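Here you go, one structure.
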4 protein chains.
Amino acid sequence: MPASLAAVGASKEAFVQAVGGCYEKSPWVAERAFAQGPFASVSSIAAAMKQTLAEATDDEVLSLLRAHPDLAGRAALQGDVTAESAAEQAKAGLRSLTGEELSKLTSLNERYTAKFGFPFILAVRNASKRVIFASLERRMAGDLMEERAEALAQVHKIAWLRLLDAVEGNGKGFLTCHVLDVASGTPAAGMSVTLTRLGDHGDLPSSYAFTTNADGRLDGPALKGPDFCAGAYEWTFHVGEYFAATGVATAPTPFLGDVPIRFGIDNPEEHYHVPLLCSPWTFSTYRGS
Amino acid sequence: MPASLAAVGASKEAFVQAVGGCYEKSPWVAERAFAQGPFASVSSIAAAMKQTLAEATDDEVLSLLRAHPDLAGRAALQGDVTAESAAEQAKAGLRSLTGEELSKLTSLNERYTAKFGFPFILAVRNASKRVIFASLERRMAGDLMEERAEALAQVHKIAWLRLLDAVEGNGKGFLTCHVLDVASGTPAAGMSVTLTRLGDHGDLPSSYAFTTNADGRLDGPALKGPDFCAGAYEWTFHVGEYFAATGVATAPTPFLGDVPIRFGIDNPEEHYHVPLLCSPWTFSTYRGS
Amino acid sequence: MPASLAAVGASKEAFVQAVGGCYEKSPWVAERAFAQGPFASVSSIAAAMKQTLAEATDDEVLSLLRAHPDLAGRAALQGDVTAESAAEQAKAGLRSLTGEELSKLTSLNERYTAKFGFPFILAVRNASKRVIFASLERRMAGDLMEERAEALAQVHKIAWLRLLDAVEGNGKGFLTCHVLDVASGTPAAGMSVTLTRLGDHGDLPSSYAFTTNADGRLDGPALKGPDFCAGAYEWTFHVGEYFAATGVATAPTPFLGDVPIRFGIDNPEEHYHVPLLCSPWTFSTYRGS
Amino acid sequence: MPASLAAVGASKEAFVQAVGGCYEKSPWVAERAFAQGPFASVSSIAAAMKQTLAEATDDEVLSLLRAHPDLAGRAALQGDVTAESAAEQAKAGLRSLTGEELSKLTSLNERYTAKFGFPFILAVRNASKRVIFASLERRMAGDLMEERAEALAQVHKIAWLRLLDAVEGNGKGFLTCHVLDVASGTPAAGMSVTLTRLGDHGDLPSSYAFTTNADGRLDGPALKGPDFCAGAYEWTFHVGEYFAATGVATAPTPFLGDVPIRFGIDNPEEHYHVPLLCSPWTFSTYRGS
């Protein structure tokens, strides 16, 4: 259960207790960041810890990088890693590596560490084996400066995912939509739209139904407050039905019928605008604002 | 079982036997169109019949329009319609109308016929109740000239769907793909892509796996020959994995992970190019060439 | 000088005097449409006249179509056309046809009229010779119902352009913009944008400069009121400068530097939203809302 | 006058003479890179020098960074910089700084150097004053590792621009186009397209005219060989004319008329595919393949 922002901000001890594990074996990041509070959002805690690292010495950053376990390495196999690391490695399927894969990974890890002086770090929670091997080979070829910057970027990603598990968001984020008909240059009014939450989200509803209004928008946010949590979602836009009803020429078997748009919410404290532009023969989406 | 192009073209009798039902109760369309053969494709049969109607008299076209049964009308309820019409109306869920819906539809049909002099015609096989009611209300407001043109367009759609059921295609169509990374301005090489056939297609495989080559394309067509039939399909592009592997900055929970693109093939004798343009924050597709 | 909405609506006589020429030699359209007033916008006058034609008899519509002069025909050469038609034909360069072109056009016109029973009609003010010949050949191949619908659509376009010359808009339209950075999934803040009016617009300024705010938008409409008139415009988005400043990787000679977006305003009583979506390697625009 | 690839590759001396100035006051980069030859392209020379730096020691890279003059600094004002640096700073308008700007820039440069241990480096040839100040402020806030990586990326950009001035390309690059009509889902056939070269390019033609073929493409490359040089170009697509001719419904004053697409060619040894996707209400382009 994530703690509330209020609880986390109550004292330095509470703060470090809650978020001190975000940066691997480096509670000093949380300790120093606390002074930047009070914090009105999870995002500002993340920013404070990132800022702390920007102001840390080269040696401190290097120590942080070196504090990470090898991916699927001996420590992981023996259980000698933080609980967070173990859970993340498990989700990425690293426990199901074949012997050959494990041996290849170990060898790549060793070469990487020998070259750069710190272990290969990747935010693996959403990574697959394919991503891990491809990343390792690509990054092995980089130069030290680039690679330290990338390793640190991965460390910040890992910290963010751990932070979201540790602290409740401020509830200010929400999701909106807009559908434009680029065949006729008008808002797509009266289009049926559904939103589905992918994955396991406990008690939250998994599906919501909407109809676009005269401006091609939904009346109000599609999701907000506690319903709007990090994770994967999918709109289904009933584009074929819309064009059939409005009389735009389409093929007998339309090129576009029900159009799914799958997207991820990373920061539930932000506004996500995920629109659709469509004609009977094309569609596009993007993170808007 | 659809007949072969060779069998259909063997004689005028065979031709009319096979495709004379494409235009409702109007075998004369096929009879006249036969002279435009021989036909190397289903598409050219469709074009010949369309041309026949373009050269027909106003009265003949009007007779054709009037030959159509009311949607869900008394004739349909009593089974007094062609087998093709009955099957199409069933697929659109018109047999499951509530009493209120049926009564509303009957009343709209009557007003429409009174205004225009021919029944409301809609290619219903892929239409829903919602489309039918929306189309009827919209088209009721049109003027006669516009509406005759639209009714005829619907008639051609119905004829095409019936034709595809009646005659085998020439096998020359195929499906290709291309993935461009618009964040880096390069082909997206090494991206994992799967293609799934939606719906029921007998013995055909339902799923195919690919990896994009150095030019962001698949090596050869994704589908061709008899595998490439009319219907609905879905690409899944492993966009999140691709960007994670190439090192483009993405969110910890990426905005785009596995991206589905659902599309319909209407004419299996044509080339369909269905590409993906993507960055970590946008994607689009279109029917290309 | 266009008349005001108030002046035009003062009496049926004033109304017909002002807008009776919108439909060629058919003041009866304005006469009947007047009853749908009072009119708060030019758009509603256009809608009323369009509705009048939707309710007219087939013979009345046919008379209207037949009232149009041949494009560059004998009547035009002898000056025997309405002032509006003469001006429109002059703008399309029809007075500068070569002898060969004129003879081809005359022959096509005659064949068209013989086939359909009314002359070829095209809203020529923004058309080129190339468009005229291509349209004539395409439409010659159509069937009567389609072609009557298209001819009527052209008649409505001509009427709209004449109406905008005759009556002042209600001043409620305006122009907005939005720039999204689809490489980073954020609004493009701090981008320099200019707007230029193309063509001759009397005393109006020809150029305006803006900077996008934190949401990627301009502070307020770029144009509104009398400044926002029908015609052609061009945004210039300083995309190259934006990406250079924000540190997104670009080529030494960037693929995108200053990006022009040229667009037309047809109805100055409407809101036009003309946004830009861009990465260093792609951009798109559309009429939004 | 750029030297030929053959001349440049003739000896280590010739090589260093030609390209030794690409990396500021660091001919050792060219000296070491020479061993990776022979070079069949300017691109491979660039890659060899980049690789040399990837293999250089931290101290060597730091020395290279430190060898750069301050932008508009005392050295530049006194002429004590390499000819290449002086020319580049002049093109960016750095000689026309106001006293206030110069003093601000000097102060920012000093703070930057004090923080990072090397001067602020920016590939300024295509940069404006606005970009320089915005970049300086942004990069000042970065951490050392990120900033060294970015400084090195700028150094590589500068080297590439100098290299293109020093050595002739291999002539293998070319430019192609493709126009898709996303309103009808077909190639845009018969569209008139022009290509204009922006800037001063000596004896090269400044404009080329094309018409798209049945597949929406040009017959052969629009540019190739010596005509295809680095710099800025602009397509003009006659979209309004195309839609008017094909009969797609558009506004009386079309939203899209002549559509300009301005783009830069950075590497004249590569294939650039710069297509247009358009309906009457949207268009997009991207670097394709």
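Give, in nm to one decimal, the length gained when the segment between A:R130 and A:A153 is fully stretched (0.36 nm per residue of separation minus the Cα-Cα distance). Please list the in-between numbers first.
Values: separation 23, 0.36 × 23 = 8.28 nm, distance 1.99 nm.
So the chain would gain 6.3 nm between A:R130 and A:A153.
Distances from B:E55 to the same position in the other copies: list them in nm, one decimal, shortest first, using label points 7 Å from Cα along Cα→Cβ.
Going from nearest to farthest copy, the values are 4.2, 7.5, 8.6 nm.
Pick from A:A54, A:A214, A:A249: which residue has the top mean-square fluctuation in a GNM of chain A where Cα pairs under 10 Å get a spring?
Result for chain A, Cα springs under 10 Å: A:A249 fluctuates most.
Moving to a separate point now. Quickly work out the C:T194-to-C:A35 label distance, labels modelled 7 Å from Cα along the C-beta direction, and quote it in nm with one decimal.
Modelled inter-label distance: 5.4 nm.
To continue, here is another question. Measure out, as a whole number of angstrom, how far apart the alpha-carbon centroids of the range C:220-289 and the range A:214-254 sit.
Computed from Cα coordinates, the inter-centre distance equals 26 Å.
Let's test the formula: R0 of 25 Å, r as the Cβ-Cβ distance of B:S96 and A:L204. What FRET efficiency results, to the nearest 0.05?
Computed FRET efficiency for B:S96 and A:L204 comes out at 0.20.
I'd like the accessible area for C:T282: 1.4 Å probe, protein heavy atoms, all chains in place, Å² to the nearest 10.
Counting only protein heavy atoms, C:T282 exposes about 20 Å² to solvent.
Another one. Gap in Å between the Cα centre of the range A:1-37 and the Cα centre of the range D:1-59?
Computed from Cα coordinates, the inter-centre distance equals 51 Å.
What list of ³J(HN,Hα) couplings, whole Hz, do you get for the range C:191-199 from phi and the Karplus terms 6.51, -1.76, 1.60, once you set θ to phi - 60° and write x for glycine and proline?
Once θ is set to phi - 60°, the couplings for the range C:191-199 become 7, 7, 9, 10, 10, 10, 8, 9, x Hz.
Let me ask another. Using a 1.4 Å probe on the protein heavy atoms only, what accessible surface does D:H201 show? Give it in Å² to the nearest 10.
That residue has around 50 Å² of solvent-accessible surface.
Follow-up. Please work out the Cα center distance from the range A:113-188 to the range B:128-201, rounded to the nearest Å.
Between the Cα centres of the range A:113-188 and the range B:128-201 lies a distance of 36 Å.
Still on this structure, I have one more. How many nm is it between the label spots at C:E110 and C:E55, if each spot is 7 Å from the Cα in line with the beta carbon?
4.2 nm
When Cβ neighbours within 10 Å are restricted to other protein chains, what is their mean count per residue of peptide A:136-145?
Taking all residues of A:136-145 together, the mean is 4.
Still on this model: How high is the relative contact order of chain C, in percent, counting Cα pairs under 8 Å that sit 6 or more residues apart? Mind showing how you got there, number by number?
Numbers: 472 pairs, mean separation 48.7, N = 289.
Result for chain C is 17 percent.
Hey, another quick one. Could you identify which residue out of D:V193, D:V155, D:V248 has the top mean-square fluctuation in a GNM of chain D using Cα springs shorter than 10 Å?
Taking springs between Cα atoms under 10 Å, the residue moving most is D:V248.
Right, another one. When chain C is turned about an axis onto chain A, which of its residues keeps its C-beta closest to that axis, and how many Å is it?
Nearest to the symmetry axis by Cβ: C:S284, 4.
A follow-up question, please. What pairs in C:K129/C:K157; A:K12/A:K224; D:K25/D:K172; C:K50/C:K172; D:K50/D:K104; B:K224/D:K172 have C-alpha atoms more than 25 Å from each other?
As for pairs spanning more than 25 Å Cα to Cα, those are A:K12/A:K224; D:K25/D:K172; D:K50/D:K104; B:K224/D:K172.
Provide an ascending nm list, one decimal, of label-point separations from A:K224 to the equivalent residue in each further copy; define each label point as 7 Å from Cα along Cα→Cβ.
Distances between equivalent label points, in nm: 2.5, 5.4, 5.9.
Need one value: the accessible area of C:L62 in square angstrom, 1.4 angstrom probe, rounded to the nearest 10.
Here the residue's solvent-accessible area equals roughly 30 Å².
Can you tell which of A:V61, A:L180, A:F283 lies farthest toward the positive end of the dipole of chain A, using +1 and -1 charges on the Cβ of basic and acidic side chains (Lys, Arg; Asp, Glu)?
Value: A:V61.
Further question: Quick check for me: using +1 on Lys/Arg Cβ and -1 on Asp/Glu Cβ, what's the dipole size of the range D:159-289 about its Cα centre, in debye to the nearest 20?
The dipole of the range D:159-289 has a size of about 220 debye.
Pull up all non-local amide H partners of B:V167: gap of 5 or more, or a different chain, and H-to-H distance under 5 Å with H placed in the peptide plane.
Long-range HN contacts for B:V167: B:A3.
Taking the Cα centre of the protein assembly as shown as origin and charging only Cβ (+1 Lys, Arg; -1 Asp, Glu), how large is the dipole, in debye to the nearest 20?
Using only the charged Cβ atoms, the result is roughly 0 debye.
May I ask you to report, in nm to one decimal and beginning with the shortest, the distances from D:N170 to the same position in the other copies, taking label points 7 Å along Cα-to-Cβ?
Between copies, matching label points for D:N170 lie 4.2, 5.5, 6.5 nm apart.
Enter the mean number of other protein chain beta carbons within 10 Å of the beta carbon of each residue in D:175-185, as an integer.
The mean count of partner-chain Cβ atoms within 10 Å per residue comes to 5.
What does the structure give for C:265-278 when I average, per residue, the other chain Cβ atoms found within 10 Å of the residue Cβ?
So the per-residue partner count for this stretch is 2.
If each residue of separation counts as 0.36 nm, what is the full-extension length gain between A:N170 and A:W28 once their alpha-carbon separation is subtracted? Before the final figure, lay out each step's value.
Working: separation 142, 0.36 × 142 = 51.12 nm, distance 2.47 nm.
Stretched fully, the A:N170-A:W28 segment lengthens by 48.7 nm.
A further question follows. Could you tell me which of rounded, prolate or oblate describes the protein assembly as shown, using a ≥ b ≥ c as the square roots of the eigenvalues of the alpha-carbon gyration tensor, with rounded for a/c under 1.5 and, failing that, prolate when a/b is larger than b/c and oblate otherwise?
Prolate shape, in that a/c is at least 1.5 and a/b is the bigger ratio.
Among rounded, prolate and oblate, which fits the range A:216-260 when a ≥ b ≥ c are the square roots of the eigenvalues of its C-alpha gyration tensor, a/c under 1.5 means rounded, and a/b larger than b/c means prolate?
oblate
Provide the FRET efficiency to the nearest 0.05 for the C:A214-D:M1 pair, computing r from the beta carbons and using R0 = 41 Å.
Once rounded, the FRET efficiency stands at 0.25.
Give me, ordered by chain and number, the residues 5 or more places off D:L223 or on other chains with an amide H under 5 Å from its own placed amide H.
The list, which skips near neighbours in sequence, is D:L175.
Restricting to DSSP H runs of at least four residues, report the calculated mean residue ellipticity at 222 nm for chain B, -39500 (n - 2.57) per run over all residues, nearest 500 deg cm²/dmol.
So the helix-based figure for chain B works out to -12000 deg cm²/dmol.
I'd like to know which of D:T113, D:V155, D:A127 lies farthest towards the positive end of the charge dipole of the range D:113-165, counting +1 on Cβ of Lys and Arg and -1 on Cβ of Asp and Glu.
D:A127
The values are calculated or read from the model by the stated rules, or taken from the named source; none is laboratory data. Keep in mind it's a predicted model, so treat the numbers as computed, not measured. FYI the Cβ positions are ideal-geometry reconstructions off the backbone, even for glycines, and counts take in every protein chain you see. All accessible areas refer to the heavy atoms of the entire protein, side chains included, with ligands and DNA or RNA removed. Shrake-Rupley method; radii C 1.70, N 1.55, O 1.52, S 1.80 Å.
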